[in-house]
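Inspection log for the structure reproduced underneath, given as structure tokens.
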């Protein structure tokens with residue numbers, strides 16, 4: 001029976017996440033699920049962030065930001081939020097923001113063109 005990344009992550013968090021990393025990796029290896037390690041890590045981060053009252057925020061830009069621009073962006077979110085930024089040239093121009101993997105704000109040129117067509 002296959003164990004989902006969410007189930008591994010939930011067990012890890014409930015066992016006291018920070019102290020159990022080695023045991024989690026050993027369990028993944030033993031069960032033949034080591035290939036799920038990145039998914040489990042992402043899920044652990046999501047669970048802990050949510051439990052602490054934060055949001056998982058993914059911001060995609062069409063072009064790379066400068067250091068000052070990136071710092072200004074990060075100040076727009078709370079200290080409990082986990083913000084990741086990536087460059088996505090397919091956006092053409094603008095930005096796309098995803099909150100908790102559920103809601104999306106797309107103010108990119110590609111998004112606007114998609115809505116028009």
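Coordinate-derived values only; no laboratory data. None of these values were measured; they are calculated from a predicted model. Cβ: placed from backbone, ideal geometry, glycine included. Neighbour counts: every protein chain shown.
Worth pointing out:
- Those strands (runs of 3 or more DSSP E) of segment 68-117 in which at least 3 residues are surrounded by fewer than 16 Cβ atoms within 10 Å (Cβ to Cβ) and without any contact (Cβ under 8 Å) to a residue 24 or more places away in the chain, considering only elements entirely within it, cover 103-106.
- Among the candidates 65, 39, residue that is in contact with a helix residue (DSSP H, G or I) (Cβ under 9 Å, 6 or more places away or on another chain) and part of a loop (DSSP other than H, G, I, E, B): 65
- Count of segment 11-50 residues which are touching a residue at least 24 places away in the same chain (Cβ under 8 Å), surrounded by 14 or more Cβ atoms within 10 Å (Cβ to Cβ) and more than 16 Å from the chain's Cα centre (by Cα): 4
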